[in-house]
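A.B. asks: This is the structure, below, for whatever I ask next.
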Amino acid sequence: MERTLQWRFIPLLALIACFLAVLFSPRSYQITLDRKCGLLPHGHYWISSKRIVTPEGLISGAVEVKGGIIASVVKEENWNQRKSLVEVIDYGEAVIMPGLVDVHAHLDDPGKTEWEGFPTGTKAAAAGGITTLIDMPLNSFPSTVSPETLKLKVEAARKRIHVDVGFWGGLVPDNALNSTALESLLDAGVLGLKSFMCPSGINDFPMTNISHIKKGVSVLAKYRRPLLVHAEIEQESEIEDGSDIDPRSYLTYLKTRPASWEEAAIRELLSVTEDTRIGGPAEGAHVHIVHLSDAESSLALLKEAKDRGDSVSIETCPHYLAFASEEIPEGDTRFKCAPPIRDSANRDKLWKALLDGDIDMLSSDHSPTVPELKLLADGNFLKAWGGISSLQFVLPVTWSYGRMHGVTFEQMASWWSERPSQLAGLRHKGEISVGKHADIVVWEPEVEFDIDDDHPVYLKHPSISAYMGRRLSGKVVSTFVRGNLVYDGGEEGKHSSDGCGSLIFAN
Ligand SMILES: *[C@@H]1O[C@H](CO)[C@@H](O)[C@H](O)[C@H]1NC(C)=O
Ligand SMILES: *[C@@H]1O[C@H](CO)[C@@H](O)[C@H](O)[C@H]1NC(C)=O
Ligand SMILES: [Zn+2]
């Protein structure tokens, strides 16, 4: 079988490779070789480019990968003297960036594998440049709320993942007031806990009240792990009883979950976040607000909390940054999620908050289901499954919509890698620097593509994704997980064999 090889073993080959690379296409750096974990033949190699995103800024040079770890990062000046002596993949001008760390994804495994599952979910993640994914404790069955249920998740994931996977546990009324139960879940290795301040929509994942949350945070303080909160509290409906509502209109759905829900939750949470201050009763704990949608009062309250020293962070998701409520077509339930997508003025404010550093990071909140529950024939927003399917596209979506706001590669790396790694306590991830895991995405920001039936989508149900039909820029060329090339984004797209990702446990 013909295999394309462009390792530059000797200077002559290197010269020819360079020449061909320039002459033909930017995709000439594809490498296809069989090796169990990863598509590369060697455990020690270099990757080079004119654009490498490091903590010290964008550099031209090369990254040395040895035994799955970043062994060195050298700049152009020093690189020129060595490049003929070593094995190297030259990525030209493609961007070499730390792989994305998605701290919020629902892969629905075990129990709901007809919705997604670890194999398709992590395959899509790898194709999207995500190298680490932290799976949410709900939407699978049973929910991950105890050591026993975590074990089921671990068994479902083992040897079936293409990227590294860690787990959040659930903080629910059943375990929240019982330290023994919570400690056993944390001792089993979950990276932190997640709770809901409103009904989650999942029967075995009930909502918590503020006493549960306060108690949970006090236990988390000892472990120095975060609590992730879905911050919405049900308020009186803005829709009057008996009024004539059109369930096919997105605005109807928007009115059922106004920004006041988020604001009410955050106002109540402030009595907990203040415990996390230095010297406070829960010092060492951290509260993380997942998928913030309201860029008004909710954000202002959180900024105040941060300013006075509460240990708080905020994430938002690409769909809140890409879409606006007034643009959502009638009956197009692919766009339904909670909290809802708000108007374009709110979207602009979210971008501003992100660029100003008031919002700390991004996550996918990939939350799929089966088409029968998502794409309802009658287009009823009030009945359709709430959750956006996005996992494979978050990098190009962030970039495509972010470019209009002047987003830089360093910001991309901060929002998608560095800050999420810090949240999850992943000390060895999130940066291209010596000693870190060689978790790397190589991508071409200038290359545009259409997400349509011709585009390889690895998610279980491509049709439910709100991004189908969009034109995006930012094509993933290669994804490395701990030095293993797990995805090669040539014309076809090629993954290494199953099971190349590792499970991550807190310790
Ligand atoms: C607390 O949790 C432990 C471990 O799950 C359990 O054995 C114990 O019965 C629980 N205590 C109460 C009061 O529910
Ligand atoms: C929260 O629920 C628990 C029961 O699980 C109850 O004991 C407690 O009083 C409630 N706290 C508040 C603030 O409602
Ligand atoms: Zn979620």
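A.B. asks: Whole Å is fine, so just give me how far the alpha carbon centre of the range 92-106 lies from that of the range 134-162.
C.D. replies: Centre-to-centre (Cα) distance: 23 Å.
A.B. asks: Mind grabbing the base-10 log of I(q)/I(0) for the range 103-178 at q = 0.19 Å⁻¹? Debye formula, identical points on the C-alpha positions, no solvent, two decimal places.
C.D. replies: -0.71
A.B. asks: Quote the charge dipole size of the range 277-392 about the Cα centre in Debye, to the nearest 20; the model charges only the Cβ of Lys and Arg (+1) and of Asp and Glu (-1).
C.D. replies: About 180 debye.
A.B. asks: Separate question: Determine the distance separating the Cα centre of the range 225-255 from the Cα centre of the range 279-329; give it in Å without decimals.
C.D. replies: When both Cα centres are located, 18 Å separates them.
A.B. asks: Calculate the dipole size of the range 28-171 relative to its Cα centre from +1 charges on Lys and Arg beta carbons and -1 charges on Asp and Glu beta carbons; express the result in debye to the nearest 20.
C.D. replies: It works out to roughly 320 debye.
A.B. asks: D for the range 359-491, whole µm²/s, Stokes-Einstein with Kirkwood Rh over alpha-carbon pairs at 37 °C and 0.692 mPa s: what number?
C.D. replies: The diffusion coefficient I find is 199 µm²/s.
A.B. asks: Quick check on the chain: helices-only [θ] at 222 nm, where DSSP H runs of length 4 and up contribute -39,500 (n - 2.57) each and the sum goes over total residues. Nearest 500, please.
C.D. replies: Value at 222 nm, helices only, nearest 500: -8000 deg cm²/dmol.
A.B. asks: Oh, and also: Any idea of the accessible area per residue across the chain, 1.4 Å probe, to the nearest Å²?
C.D. replies: Result: 38 Å² per residue.
A.B. asks: Strictly over 18 Å apart at the Cα level, which of K66/K429; K306/K429; K112/K153; K66/K123; K50/K75 would you flag in this model?
C.D. replies: Over 18 Å Cα-Cα: K306/K429; K66/K123.
A.B. asks: Additional query: If you take every residue apart from A282 with its C-beta less than 13 Å away from the C-beta of A282, what net charge results, scoring Lys and Arg +1 and Asp and Glu -1?
C.D. replies: Surrounding charge for A282 is +2.
A.B. asks: Once you order the gyration tensor axes a ≥ b ≥ c over the Cα atoms, which shape class does the range 444-487 get: rounded for a/c under 1.5, otherwise prolate or oblate by comparing a/b with b/c?
C.D. replies: In terms of gyration-tensor shape, oblate.
A.B. asks: Taking the DSSP beta bridges in the chain as the whole, what percent of them are antiparallel, to the nearest 5?
C.D. replies: So the antiparallel bridges amount to about 50 percent of the total.
A.B. asks: What order, most packed first, do the peptides 119-125, 273-279 have when packing is the mean number of other Cβ atoms within 10 Å of each residue?
C.D. replies: My ranking of the peptides, most packed first, is 119-125, 273-279.
A.B. asks: With +1 on each Lys and Arg Cβ and -1 on each Asp and Glu Cβ, and nothing else charged, work out how big the dipole of the chain is about its Cα centre, in Debye to the nearest 20.
C.D. replies: 1900 debye
A.B. asks: Same structure again: Is the C-alpha gyration tensor of the range 121-259 telling us rounded, prolate or oblate? Criteria: a/c under 1.5 is rounded; beyond that, a/b larger than b/c is prolate, otherwise oblate.
C.D. replies: It comes out oblate by the Cα gyration axes.
A.B. asks: Using a 10 Å cut-off on Cβ atoms, rank the peptides 374-383, 60-69, 261-270 from the highest mean neighbour count down.
C.D. replies: Answer by packing, highest mean first, reads 261-270, 60-69, 374-383.
A.B. asks: What residue among A188, L85, S72 has its Cα farthest toward the positive end of the dipole of the range 62-199, where the charges are +1 on Lys, Arg and -1 on Asp, Glu, each on the Cβ?
C.D. replies: Farthest along the dipole direction, towards plus: L85.
A.B. asks: For the range 402-444, with the dipole built from +1 on Lys and Arg beta-carbon atoms and -1 on Asp and Glu ones, taken about the Cα centre, which of W416, V441, H428 lies farthest toward the positive end?
C.D. replies: Checking the options against the dipole of the range 402-444, the answer is H428.
A.B. asks: At 10 °C and a viscosity of 1.306 mPa s, what translational diffusion coefficient does Stokes-Einstein give for the chain, taking Rh as the Kirkwood radius over Cα pairs? Give it in µm²/s as a whole number.
C.D. replies: Reported coefficient: 68 µm²/s.
A.B. asks: OK, next. Which shape class applies to the range 237-366: rounded if a/c is under 1.5, otherwise prolate when a/b exceeds b/c and oblate if not, where a ≥ b ≥ c are the square roots of the Cα gyration tensor eigenvalues?
C.D. replies: prolate
The values are calculated or read from the model by the stated rules, or taken from the named source; none is laboratory data. Keep in mind it's a predicted model, so treat the numbers as computed, not measured. Cβ sites come from the backbone with ideal geometry, for glycine too, and all protein chains shown count toward neighbours. Keep in mind that these areas ignore ligands, DNA and RNA; they rest on the heavy atoms of the full protein, side chains included. Shrake-Rupley method; radii C 1.70, N 1.55, O 1.52, S 1.80 Å.
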